[in-house]
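Shown next, in structure tokens, is the structure this report addresses.
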Amino acid sequence: MQQKLNLYNTLTRKKEEFEPLHAPLVGMYVCGPTVYGEPHLGHARSAVTFDVLYRYLKYQGYKVRYVRNITDVGHLENDADEGEDKIQKRAKLEHLEPMEVVNHYTNIYHNEMQKLNVLQPDIEPRASGHIIEQIALIQEILDNGLAYVVNGSVYFDVLAYNKDRKYGKLSGRNIEDLIGNTRTLEGQDEKRAPFDFALWKKASPSHIMRWPSPWSDGFPGWHLECSAMSRKYLGTSFDIHGGGLDLMFPHHECEIAQNQASCDHSDGARYWVHNNMITVNGQKMGKSLGNFINLSELFSGNHEMLEQAYSPMTIRFFILQAHYRSTLDFSNEALQAARKGYTKLMNGLRVLKKLEYPKDATAVEPDAKLNEELQKLAQDCFRGLNDDLNTAKTIASLFNLLKKINSLHLGQIKMEQLSRGTFDLMRDTFQELVLHVLGLQEESIGDMDEVLNLVLGFYKEAKEQKAYDKVDTIRAELKKQGIAIKDMKTGIDWAYEE
Ligand SMILES: [Zn+2]
């Protein structure tokens, strides 16, 4: 358990032991949602992945500052810096102010994340609230001669940058390949080279979201906010930058270029961590492919691809039972299996609550071999997490530990065979990892009205049999739960105890 956390760093293409710059402080930045539509399974995967990393770092005693942004401006229709702002487009469609669209979908995002038991970040900065910082960053890049102004727009000069540094170091692409692959798109005339990207765009007359700048009334390019906001809240060099694999290029590549081209000359983060995508029948899930499922649809079962509704904890378990760097294929079977796995862990928690180590457990000698075996099983649970946050391995190890917990419950293993230390280790490992690191929590099951009606049925039966002891017991027990039984001429009902 003293083993250290290792993370796969996209920048170096290998697993590295995680060493914070200023332990016990850890700075982590994760690209958050663009709020112009409902969050879907892809959003959930990224949020849950970095939630577990956040939780595990805190569990290890680090003081983590977790920054996850809200992109509420400037995210354009395509990578070519052209087209319409997605938020503005939605605002026009729905006859709303862009900021109404932003607020509406931000609230939905927060609600859905809460259902998934995703902890809130420590800082959740919005791009629209950091225009000044973004303008300052552009000015630095211009001053360093690595950007140019055309007709009120500012573009990053990739070729100039590439003379001393390497554009493509994160994604492993090189300029020569990019030249070959990039078609010249219409409306790209302002750029010196097709792979140059916008730092500032002059707004067309119909563009609603616009701010004054030294170059034009306009809006920042879509890679800029993460450079500006990570620097503001975490410093010029910080520990972890996370996001979906689809953001590695061009978004994170451009972030690194901007950071290097600023006065800081740093990559920003030292560990770049990317979660893989959700697929449907092997195909990427995405808005443009029309095969994406919103979280609200998953929770309600209201989508043609869904055989039933799936609870938030089922979705969370589904995400965690795969390693974050593997693709995760959606299917009803996989979600149903996830439900079973989740339920197993919850039953484990219930069993553990009932188990108690006897106060005078000296009658039987502890079984050395069994104790050793249990300690190893507990360590395996951490080994999975330390191995690049492999929650799939950790869950498999938790199931192994659960077998022993169930054996104890069934009396197949006697409690006295374990030392007090082993018992505590087993219990703490299971509870802490399931509840606080994996972030799985109990969901209320079934319909409480139905359960209460069943109890009222027993109450009625007891009254008819004049079994008044039983009648009183049921009354008293329900009262403890804040429920009062009402005997009425028309029948028996219940109400909240007033
Ligand atoms: Zn970002």
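Can you quote the Å³ per residue value for the convex hull of the Cα atoms in the chain, rounded to an integer?
204 Å³
Near the amide H of residue 69, under 5 Å away, which other amide H atoms are found, from residues 5 or more places off or on another chain, if H is placed in the peptide plane?
30, 32
Which percent, nearest 5, of DSSP beta bridges in the chain are antiparallel?
Just about 50 percent of them are antiparallel.
Starting from 0.36 nm per residue, how many nanometres of slack lie between residue 486 and residue 473 once their C-alpha separation is accounted for?
Once the chain is fully extended between residue 486 and residue 473, it gains 3.2 nm.
Report, in listed order, any pair from 63/202; 86/191; 86/284; 58/232 with a Cα-Cα distance greater than 32 Å.
63/202
Please report the carbon-and-sulfur percent of the accessible area for the chain; probe 1.4 Å, protein heavy atoms only, DNA, RNA and ligands left out.
Accessible surface attributable to carbon and sulfur in the chain totals 49 percent.
Could you tell me the relative contact order of region 142-251? Use alpha-carbon pairs under 8 Å, at least six residues apart, and round to a whole percent. List each step's numbers first, then the result.
On the way: 114 pairs, mean separation 25.7, N = 110.
Reported relative contact order: 23 percent.
Average the reciprocal distances over every distinct pair of alpha-carbons in region 4-135, invert the result, and give the Kirkwood radius in Å.
16.6 Å
When only C-alpha pairs under 8 Å and at least 6 residues apart count, what is the relative contact order of the chain, in percent?
On the way: 752 pairs, mean separation 78.4, N = 498.
With pairs under 8 Å counted, the relative contact order is 16 percent.
Once phi is turned into ³J(HN,Hα) by the Karplus curve 6.51 cos²θ - 1.76 cosθ + 1.60 with θ = phi - 60°, what whole-Hz value does each residue of region 225-230 show in order, with x for glycine and proline?
3J(HN,Hα) across region 225-230, in whole Hz: 4, 5, 5, 5, 7, 5.
Holding the Cα-Cα limit at 20 Å, pick out from 115/354; 4/403; 4/169; 15/169; 376/404; 89/201 the pairs that are longer than that.
Listed pairs above 20 Å: 115/354; 4/403; 4/169.
Using a probe radius of 1.4 Å on heavy atoms only, what accessible surface per residue do you get for the chain? Whole Å² is fine.
47 Å²
Quick one: if you stick a label point 7 Å off each Cα along the C-beta vector at residue 58 and residue 107, how many nm between them?
2.6 nm
The values are calculated or read from the model by the stated rules, or taken from the named source; none is laboratory data. This one's a predicted model, so the numbers in the text were calculated from it and none came from an experiment. All Cβ positions, even for glycine, are placed from backbone atoms using ideal geometry, and neighbour counts span all protein chains on display. Side chains included, ligands, DNA and RNA excluded: accessible areas come from the protein's heavy atoms. Shrake-Rupley method; radii C 1.70, N 1.55, O 1.52, S 1.80 Å.
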